[in-house]
Every structure is written in structure tokens, then in C-alpha cells.
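The structure appears below as C-alpha cells.
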Amino acid sequence: MVERYDVIVAGGGPAGLAAAKAAADEGGKVLLLELQAQIGGQTQSAAWAPRDAIAAELRESVVAEVREARLHSPHRQLTVRGDFGAIVDRRLFDKLLAAEAAASGAELWVSCPVKELLVSDGAVRGVHVEAGAWAERIEGEVVIDATGARGEWSSLLLRKVLGRDWNREQLVLSNEYMMANAAADQAVDLFFTSYFAPLGHAWVYPFGRRFAMAGIRGIRIHPDAALDEFIGRRTLPRLERAVPVAAHRGQLPIEGALDPTYASGIIAAGGAAGQIYVLSGEGLRYALRCGELAGKVAVDAVTEGDVSKGALGEYERRWRAEFGAELRAGKLLHSALGVSQDQKMDAMLELLEAEPRLQSAFMNVFTGVELGGALKVLLASEEAKRVFLSETTSRVLELFK
Ligand SMILES: Cc1cc2nc3c(=O)[nH]c(=O)nc-3n(C[C@H](O)[C@H](O)[C@H](O)COP(=O)(O)OP(=O)(O)OC[C@H]3O[C@@H](n4cnc5c(N)ncnc54)[C@H](O)[C@@H]3O)c2cc1C
């Protein structure tokens with residue numbers, strides 16, 4: 001049986017669900033295919049998100065408000081207070097997004113892995129899905145690759161069209177445990193240490209009353225061993241009597257966004273496009289907005305009767321105008337911290353302790369919120385410039401001129 005849609009979305013994470021909703025809102029006939037048996041199933045179960053990523057209809061997925069962050073470098077510790085967004089339960093967050101997409105008219109199929117893209121005359125024209133003995137060809141005008149960057153099935157545009165793969169040296173590996181029986185503590189703990197998390201960090205987030213999320217990300221680590229060692233070696237009072245009850249392994253590319261993020265008949269959004277703020281590994285906000293842009297551009301192109309590479313390039317122009325500078329800045333700052341990470345984070349925490357007015361600017365720079373303004377405040381300090389290296393500082397500030 002051959003089905004035909006205006007837009008086929010591969011992957012039901014935040015990027016895919018936002019794309020499906022936007023495309024359906026624009027009047028497109030939309031099908032979303034998710035490989036897992038449920039939306040929000042195997043995705044990591046918590047995410048720290050800025051306020052603007054949590055629309056009113058998604059609020060019930062909030063499990064903790066972040067008003068306090070404890071920053072730990074090898075030799076220093078500092079508590080910072082402010083409004084730093086919220087922790088959402090991704091299992092519910094993603095299902096609420098699915099409800100929004102369905103309300104707009106998108107069809108959602110679960111347990112439907114996209115195995116191959118249908119390609120003819122150099123253009124993507126649909127997908128091949130296969131699960132067990134069941135297989136189907138589904139034709140579509142535009143395929144939106146929202147498969148994330150986390151496993152062998154993901155990153156369809158990159159692997160199947162551009163014929164490349166993520167550079168393994170530029171993949172941050174991570175693991176996160178949901179810890180049951182954690183002591184009540186509403187603060188976020190962030191640990192910057194090259195011993196446990198080279199070129200990354202470790203964290204403990206609150207998750208409701210009795211749970212916490214403990215995670216780690218770094219380059220060239222074994223994420224399970226690194227997380228076990230981190231939890232075993234650091235005596236964290238909130239985790240003293242806690243046990244892991246779920247694990248979520250993942251990987252994030254830090255080489256920067258794909259260039260290009262589109263080809264004839266296909267657009268990539270979110271993790272699949274490498275749209276990650278590399279400094280902190282945050283990606284939810286970009287996945288939501290880039291998914292939305294992808295859905296809109298796809299339906300505009302279908303309506304105009306031109307889904308060629310030239311027409312879909314509008315997507316790349318729009319997302320780069322909104323986020324290009326942010327994503328490039330995150331990558332530059334991350335690379336600058338890579339040399340002597342421990343000394344630099346010690347120096348940064350010493351500076352923040354001495355200059356409390358820089359504390360919220362640092363938090364915003366770390367999480368990528370209101371980045372241009374936060375960078376101007378933080379990098380006005382000579383000490384901060386030294387931490388991030390003067391050359392990086394000038395290049396980063398140049399991006400926001
Ligand atoms: C451990 C970890 C912690 C993180 N913490 C945060 C955080 O606190 N805050 C934050 O903002 N970001 C965080 N991120 C990043 C964030 O998770 C991603 O940026 C975001 O999930 C990207 O959304 P997405 O929709 O592009 O991809 P994903 O959320 O990865 O969704 C992709 C979906 O596609 C499905 N899929 C994959 N292949 C196929 C296929 N072939 N066919 C059909 N379906 C397919 C997958 O099952 C999945 O449901 C974290 C990442 C990791 C790994």
C-alpha cells in the first residue's frame with residue numbers, strides 16, 4: 001500500500017513534534033513516525049529548560065523550578081540565586097507536545113522506525129518504515145529529519161543524504177540516572193571537573209519530591225563508568241540514600257550545526273541537525289523553534305509546488321538568523337574552556353564570588369539565555385576575558401554586534 005503526505009516527520013522528540021504541529025497548522029497533511037513504542041519513552045526523562053521553552057500548555061510537565069544553582073569547580077563552590085528556568089519531565093513534556101500536534105491535525109504513528117529514505121532523481125521523496133515483519137513505503141513531498149543524534153537510526157540527512165557521520169572525537173557522551181529516595185533539595189548542582197567530565201560537566205537536578213537526576217557528559221568518557229564513579233566518589237548529601245531506578249544514555253555532537261541542514265525534499269531539525277548549545281549541552285529550545293520553522297517552510301514549499309533544495313534553503317536562512325550567532329558562540333566558549341578546564345573554572349568561581357553582579361550573567365552564558373546581553377556583561381570583566389581567552393572573547397562579542 002502506498003500512502004502520500006505533504007510532510008513526513010521522522011522522529012517524535014521536541015523537534016519532530018513542533019514540526020508536525022506547525023506543518024499541520026499551516027494546512028499540510030502530516031504524518032509523524034516515532035520508532036519507540038511511546039512518545040517520550042526512551043528519551044532522557046528530565047531537561048533543564050529556560051522559561052521561554054515552556055509554553056503554558058506544557059507547564060504541567062514542570063517538576064522543579066530552578067531558583068538556586070550550586071556551582072562546583074575542583075577547589076571552589078559557590079551558590080547562585082535567581083530565576084534559572086525549570087526542570088521538565090520529558091516523558092510528559094513530549095506527550096503534551098504530541099497532544100498539541102494531534103490537536104492541529106497531524107497523524108502520529110508509534111513503533112515506526114524509519115529505516116531508509118526514498119530517493120529518486122537526487123531528491124528525497126518519502127520514507128521506508130520497517131518493524132519486524134511489517135514494512136511500508138510512505139511517500140511525502142518533504143521529509144523532516146527530527147531523529148535526534150543519539151543512535152544508529154538517527155541523523156538521516158547526515159548519514160543517508162550527505163553520506164557522512166558525526167565525528168566521534170566531537171561527540172559528547174552522557175548518561176543520566178533517575179535517583180529514587182533522594183533527599184529533598186530544590187537546587188541544581190553543577191560540577192565542572194576534567195577528572196570526571198572532560199570538556200563537559202556533571203549535574204544533579206531536583207525531580208519532584210523524592211527523586212533527583214544525576215548526570216554526566218564529557219568527551220572520550222565511558223558514560224556509565226564515569227557516572228558511577230562520580231556518584232561513588234563525590235559524597236553528595238542529597239544522594240546518600242538514593243538508588244538509580246532508570247538510566248538514559250545519549251550523545252550530543254559538538255562540532256556545530258550541519259551545513260547545510262537541508263537538501264532536495266528534506267530538512268533536518270533539532271539534534272539531527274546538530275542544533276545544540278555546546279557550552280551546556282542544551283538543545284530543547286532550539287529543537288522546538290527549529291522544528292517549528294521546518295514545519296512552516298516545508299508546507300510553504302509544498303504549497304508553492306517547489307520542494308527543491310533552493311526552496312527549502314529558506315529554512316536555513318531563518319534558523320541561522322535567529323540562532324546562528326548563539327550556537328557559534330557556545331562552540332567557541334566551549335573550546336576555550338577545553339584548555340586547563342579546572343584552573344579556568346576555579347578562576348571563574350573566584351571571580352563570581354568577588355563580583356556577585358556577574359553571577360546571573362554567567363548563568364545565562366552557561367545556559368544560553370539572552371546570550372548577547374549576558375556576554376557583554378560577563379566579558380566586560382578582564383578576569384572573565386582571561387578565562388575564556390581574549391581572542392575567543394573578541395570573536396564571540398563580534399557575533400552579537
Ligand atoms: C543525557 C542528556 C541530557 C540532556 N539534558 C538537556 C537539558 O537538561 N536541557 C536541554 O535543553 N537539553 C538537554 N539535552 C539535549 C536535548 O535532549 C536535545 O537537544 C533534544 O532532545 C533534541 O530534541 P530532538 O527532537 O531533536 O531529538 P530527540 O529528543 O533525541 O528525539 C528524537 C526522536 O526521534 C526518534 N527516532 C530516532 N531515530 C528514528 C527513526 N529512524 N525513525 C523514527 N524515529 C526515530 C527517537 O526515538 C526520539 O524519540 C540533553 C541530552 C542528553 C543526551
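Coordinate-derived values only; no laboratory data. Computed from a predicted model, the values in this text were never measured in an experiment. Please note: Cβ atoms are built from the backbone with ideal geometry, for glycine as well, and neighbour counts cover all protein chains shown.
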(request) Enumerate by residue number the trypsin sites (Lys or Arg not before Pro) in region 124-220 meeting two conditions: DSSP loop (anything except H, G, I, E, B), and at most 14 other Cβ atoms within 10 Å of the site's Cβ. (result) Arg164, Arg209, Arg210, Arg220
(message) Connecting C-alpha atoms closer than 10 Å in a GNM of the chain, tell me which of Asp83, Asp121, Asp145 has the biggest fluctuation.
(response) Asp121
(request) Taking the chain as the reference, fit the longest principal axis to its C-alpha atoms, fit the long axis of helix 325-338 to the helix C-alpha atoms, and give the angle between the two in degrees, 0 to 90, nearest 10. (result) 40 degrees
(request) Grab the chain and count how many Lys pairs have their alpha-carbon atoms under 22 Å apart, sequence gap of 8 or more, or different chains. (result) 20
(message) Rounded to whole Å, give me the distance from the Cα center of region 328-383 to that of region 199-245.
(response) 23 Å
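Suppose every Lys and Arg Cβ carries +1 and every Asp and Glu Cβ carries -1, with no other charges. What dipole size does region 329-399 come out with about its Cα centre, to the nearest 20 debye?
Here region 329-399 has a charge dipole of around 260 debye.
Loop only by DSSP, 13 or fewer other Cβ within 10 Å of the Cβ. Give me the GluC sites (Glu not before Pro) in region 116-223 that pass, ordered by residue number.
Answer in residue order: Glu152.
Of all DSSP beta bridges located in the chain, what percent are antiparallel, nearest 5?
If I count the DSSP bridges inside the chain, around 75 percent turn out antiparallel.
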(request) Let me see the pair-distance distribution of region 169-253: every alpha carbon pair, 10 Å bin width, integer percents in order. (result) 20, 54, 24, 2
(message) Given contacts defined as C-alpha pairs under 8 Å and at least six residues apart, what's the relative contact order of the chain, whole-number percent?
(response) 19 percent
(message) Using only DSSP helix segments of four residues or longer, with each worth -39500 (n - 2.57), what per-residue ellipticity at 222 nm results for the chain after dividing by its residue count and rounding to 500?
(response) -10000 deg cm²/dmol
(request) Specify the angular offset, from 0 to 90 degrees and rounded to the nearest 10, of the alpha carbon long axis of helix 223-233 from the longest principal axis of the alpha carbons in the chain. (result) 20 degrees
(request) Could you give me the radius of gyration and the Dmax of the chain, taking only the C-alpha atoms into account and expressing both in angstrom? (result) 21.0, 68
(request) Calculate, in nm to one decimal, what Glu370 and Glu57 gain on full extension: separation in residues at 0.36 nm each, minus their alpha carbon distance. (result) 110.4 nm
(request) Step through the residues of region 129-141 one at a time and calculate ³J(HN,Hα) from phi using the Karplus curve (6.51 cos²θ - 1.76 cosθ + 1.60, θ = phi - 60°), rounding each to whole Hz and writing x for Gly and Pro. (result) 10, 8, 8, x, 7, 9, 9, 8, 9, 10, 8, x, 6
(message) Which residue fluctuates most in the GNM of the chain (Cα springs below 10 Å): Ile219, Ile87, Ile231?
(response) Ile231
(message) How high is the relative contact order of region 65-204? Use alpha-carbon pairs under 8 Å, at least six apart in sequence, and give a whole percent.
(response) 23 percent
(message) For a quick check, take a GNM of the chain with Cα springs below 10 Å and name the residue from Glu57, Glu282, Glu100 with the largest mean-square fluctuation.
(response) Glu57
(request) Rank these for me by crowding, Cys112, Cys290, going from fewest to most other beta carbons within 10 Å. (result) Cys112, Cys290
(message) Taking 22 Å as R0, compute the FRET efficiency from the Cβ-Cβ separation of Glu65 and Ala180 and round it to 0.05.
(response) 0.55
(request) Multiply the residue separation of Ala37 and His222 by 0.36 nm, subtract the distance between their alpha-carbon atoms, and state the gained length in nm to one decimal. (result) 63.9 nm
(request) Just flag the chymotrypsin sites (Phe, Trp or Tyr not before Pro) in region 118-216 sitting in loop per DSSP whose Cβ has no more than 15 other Cβ atoms within 10 Å. (result) Trp153, Tyr195
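Taking the number of other C-beta atoms within 10 Å as the exposure measure, put Thr303, Thr392, Thr367 in order starting with the fewest.
Thr303, Thr392, Thr367
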(request) Please give the FRET efficiency for Leu397 paired with Glu152, using the beta carbon to beta carbon distance and R0 = 30 Å, rounded to the nearest 0.05. (result) 0.15
(request) Can you tell me the 0 to 90 degree angle between the C-alpha axis of helix 309-319 and the longest principal axis of the chain, rounded to 10? (result) 30 degrees
(request) Please give the length that would be gained between Ala321 and Ser111 if that part of the chain were fully extended, namely 0.36 nm times their separation in residues minus their C-alpha to C-alpha distance (nm, one decimal). (result) 72.1 nm
(message) Based on alpha-carbon centroids, what's the gap between region 51-118 and region 250-317 in Å, whole number please?
(response) 19 Å
